[in-house]
Amino acid sequence: MAAAGDELSPAEARLAMMELANMVSIPMALTAVIRLGVPAKLSAAGANAPLSAADLLPAGHPDPSVLERLLRLLTSRGVFSEHRAGAGASSPRRFALTVLGRTLVPGPSGASYADYVLQHHQDALVRAWPHLHEAVLDPAGPEPFARANAGVPAYAYYGQDKEANEVMLRAMTGVSEPFMEALLDSYGGGFEGVRTLVDVGGSSGACLEMIMRRVRTIREGVNFDLPDVVAAAPPIPGVKHVGGDMFNSIPSGDAIFMKWVLTTWTNEECTAILTNCYKSLPAGGKLIACEPVVPDTTDGSMRTRALLGNDIFVMVIYRTQGRERSEEEFRQLGLAAGFTVFRAIYLDPFYAVLEYTK
Ligand SMILES: C[S@@+](CC[C@H](N)C(=O)[O-])C[C@H]1O[C@@H](n2cnc3c(N)ncnc32)[C@H](O)[C@@H]1O
């Protein structure tokens with residue numbers, strides 16, 4: 001099914017293509033306002049009181065209209081709401097955060113979706129995008145990120161660059177917090193009987209911390225990630241940070257949690273990861289994976305757009321043949337690794353819970 005493109009008049013089609021051709025303005029304007037501290041300043045202004053571009057810049061700034069243009073674009077995309085005292089060109093514009101814009105305001109840990117936006121638009125990642133067509137022509141070759149960064153894959157790059165590593169840790173925490181709340185509200189019982197929980201690719205350990213705060217019967221958490229990643233992770237009571245490589249082996253526990261890991265790898269690599277999870281679990285033990293699950297139909301809904309956009313991000317940054325998968329593809333990967341029972345639970349519009357039982 002086409003997404004509305006056939007229903008346009010020729011003039012609308014030219015306008016829609018003009019919009020698509022300029023789409024890069026949106027994430028880059030978003031990145032700029034975050035770097036300028038706009039969401040933080042708006043949320044600090046009591047009750048999200050609307051502020052003008054001049055209010056958001058240091059006193060005496062020579063030309064606030066430059067920032068105002070960014071804010072107007074992002075208002076047209078729903079990030080800000082625009083407030084004007086009266087009609088007419090001279091009526092000043094003031095801006096406030098919408099519900100969408102408030103995803104950029106720090107949560108309990110100080111991280112938010114703003115960190116995810118910043119992570120995606122670091123120089124090393126941005127310079128990978130012009131190589132996208134090369135991924136199409138040479139799908140078995142290095143992914144665009146490696147092509148653009150002297151052959152170094154993204155996870156290795158983060159490990160070599162302290163700042164990129166920290167940005168990644170914060171980005172993952174910022175996106176994880178609201179999802180984990182939703183998960184724990186409706187799936188908390190899924191951790192029943194677990195005393196030792198291993199988080200594979202657990203990054204800062206933030207997910208494990210959130211689970212253990214709510215599921216008090218878990219006595220020990222093992223945050224397992226690459227050595228450089230766990231070296232930068234903060235201490236968390238009850239959590240042991242373990243550095244290693246999931247392609248070699250995974251620490252054992254009663255259950256494994258693994259969020260947003262499989263998507264970034266090829267089918268062969270996923271089978272290797274799932275096989276190592278299987279080996280480290282006791283009989284009847286569960287792997288609880290949380291991944292985006294791609295819909296079968298292609299439409300213009302926000303969910304489909306968010307998922308397919310992320311699919312191409314994975315193609316560019318992590319693996320050309322790493323990708324978002326359907327529920328059936330996830331089931332088959334689990335069966336190939338030896339798991340006997342599989343179920344998918346949809347409790348969030350982006351991530352699904354994929355439960356594999358040994
Ligand atoms: C997309 S991030 C997800 C982080 C976290 N699970 C979350 O959802 O917030 C993928 C994680 O896998 C980790 N990772 C990549 N390669 C790994 C490997 N070979 N062994 C263990 N962890 C790895 C990365 O360092 C990163 O923290």
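The values are calculated or read from the model by the stated rules, or taken from the named source; none is laboratory data. Being a predicted model, the structure only gives us computed values, none of them experimental. A quick note on method: Cβ atoms are made from the backbone with ideal geometry, for glycine too, and the neighbour counts reach across all protein chains shown.
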Within region 125-132, does at least one residue satisfy the condition of being within 14 Å of the ligand (Cβ to nearest atom), within 25 Å of Thr31 (Cβ to Cβ) and not β-branched (Val, Ile, Thr)?
yes
Inside region 77-92, the number of residues satisfying the requirement of being touching a strand residue (DSSP E or B) at 6+ places or on another chain (Cβ under 8 Å), modelled with pLDDT of 95 or more and either of a type in the set (Lys, Arg) or in a loop (DSSP other than H, G, I, E, B) (or both) is 1
Just checking, does region 165-186 include any residue being part of a helix (DSSP H, G or I), under 28 Å from Asn248 (Cβ atoms) and more than 18 Å from the chain's Cα centre (by Cα)?
no
Of the conditions (1) in contact (Cβ under 8 Å) with a residue 60 or more places away in the chain; (2) assigned to a helix (DSSP H, G or I); (3) within 12 Å of the ligand (Cβ to nearest atom), Val198 clears all except one; give me its number.
(2)
Sort out which residues of region 141-164 are outside any helix (DSSP H, G or I) and within 11 Å of the ligand (Cβ to nearest atom), and write them in order of number.
Pro153
Within region 327-344, does at least one residue satisfy the condition of being under 21 Å from Asp185 (Cβ atoms) and at pLDDT 95 or above?
yes
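Yes/no matrix, rows are residues, columns are (1) at pLDDT below 95; (2) away from the ligand (no atom under 11 Å from the Cβ); (3) among the polar types (S, T, N, Q):
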residue	(1), (2), (3)
Leu169	yes, no, no
Pro178	yes, yes, no
Ala182	yes, yes, no
Ser203	yes, no, yes
Ala206	yes, no, no
Asn223	no, no, yes
Ala233	yes, no, no
Among the residues in region 51-58, are any surrounded by 12 or more Cβ atoms within 10 Å (Cβ to Cβ) and closer than 23 Å to Met302 by Cβ?
no
What are the pairs with Cβ atoms under 9 angstrom where one residue, in region 212-237, is closer than 22 Å to Cys277 by Cα and touching a residue at least 40 places away in the same chain (Cβ under 8 Å) and the other, located anywhere, is surrounded by fewer than 14 Cβ atoms within 10 Å (Cβ to Cβ) and not charged (D, E, K, R)? Sequence gap at least six, or different chains.
Asp228/Gln160
Modelled with pLDDT under 95 and under 27 Å from Glu163 (Cα atoms): does that describe Ala45?
no
Hey, among the residues in region 87-127 that are of a type in the set (A, V, I, L, M) and more than 18 Å from the chain's Cα centre (by Cα), which one's surrounded by the fewest Cβ atoms within 10 Å (Cβ to Cβ)?
Ala89
